[in-house]
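Below: one structure, written as structure tokens.
The values are calculated or read from the model by the stated rules, or taken from the named source; none is laboratory data. Bear in mind that the values here come from a model prediction, so they are computed numbers and not experimental data. Here the Cβ is made from the backbone with ideal geometry for all residues, glycine too, and neighbour counts use every protein chain on show. Areas reflect the complete protein model, heavy atoms only, side chains present, ligands, DNA and RNA absent. Shrake-Rupley method; radii C 1.70, N 1.55, O 1.52, S 1.80 Å.
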Amino acid sequence: MRLPLQITFRHRDPSPALEARIRELVARLERVSSHIMRCHVIVEPLDGHQNQGALYELAIRRAGPIDQAHEDAYVALRDAFRAARRRLENYERKRRREVKTHNGAAYGRICELDPEHDCGRIETYDGRFIYFHRNSLVSGRYAELTTGMRVRFAEERGDGGPQASTVHLV
């Protein structure tokens with residue numbers, strides 16, 4: 001384990017079995033993200049009592065609503081570490097820019113038509129060229145298109161570069 005880990009038991013006796021389980025769960029988190037700086041796990045009964053039936057709350061900056069199943073510290077650990085794993089996975093997706101973004105529609109003009117292959121190119125206002133096929137045309141008919149027509153389109157990555165998935169005449 002590379003991650004600096006601190007385990008604190010409050011208002012209950014330390015448990016080697018519970019500590020081993022925490023270490024195992026932290027090791028799993030390390031496989032999700034290498035950007036974790038440290039981990040501090042505090043095991044504490046919610047009501048501060050040591051007796052049977054105490055609720056355990058583990059906060060990953062608040063894992064969720066209090067659940068009666070959390071009378072078992074192992075169940076509370078499982079739920080808290082699941083929440084931490086989801087947060088880390090989301091963080092890693094954002095960091096790798098794998099999160100879908102919903103950009104507004106782009107605009108441009110048809111600059112080239114190839115009736116033989118039923119396709120064409122759109123020139124964007126920033127000077128880029130976007131391929132489109134007649135099947136991506138949503139409004140209007142391909143046969144009626146002319147160069148210079150203004151269009152709105154949704155861009156996506158294609159095999160040969162950027163392409164329009166939908167094209168609307170403006």
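A quick yes/no check of all residues on (1) of a type in the set (A, V, I, L, M, F, W, C); (2) at pLDDT below 85:
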| site | (1), (2) |
| --- | --- |
| 89 | no, no |
| 102 | no, yes |
| 108 | no, no |
| 125 | no, no |
| 149 | yes, no |
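Need the failing condition index for residue 114 against (1) open to solvent by 80 Å² or more (accessible area, probe 1.4 Å); (2) modelled with pLDDT of 70 or more; (3) out of contact with any Phe, Trp or Tyr (no Cβ under 9 Å at 6 or more places or on another chain); (4) under 30 Å from residue 158 (Cβ atoms), just the number.
Against the list (1) open to solvent by 80 Å² or more (accessible area, probe 1.4 Å); (2) modelled with pLDDT of 70 or more; (3) out of contact with any Phe, Trp or Tyr (no Cβ under 9 Å at 6 or more places or on another chain); (4) under 30 Å from residue 158 (Cβ atoms), residue 114 comes up short only on (1).
Could you grab the pairs with beta carbons closer than 9 Å, sequence gap of 6+ or different chains, first residue in the range 73-98 and without any contact (Cβ under 8 Å) to a residue 60 or more places away in the chain and part of a loop (DSSP other than H, G, I, E, B), second one surrounded by fewer than 16 Cβ atoms within 10 Å (Cβ to Cβ) and basic (Lys, Arg)?
none
Name every residue in the range 137-153 that is within 12 Å of residue 168 (Cβ to Cβ) and not aliphatic (A, V, I, L, M), in order of residue number.
Passing the criteria: 139, 140, 150, 152, 153.
Please name all residue pairs, on different chains or six or more residues apart, with Cβ atoms under 7 Å, provided the first residue is in the range 123-152 and is touching a residue at least 12 places away in the same chain (Cβ under 8 Å) and among the small types (Gly, Ala, Ser) and the second residue is open to solvent by 70 Å² or more (accessible area, probe 1.4 Å) and in a strand (DSSP E or B).
That search, which allows pairs on different chains as well, returns 148/109.
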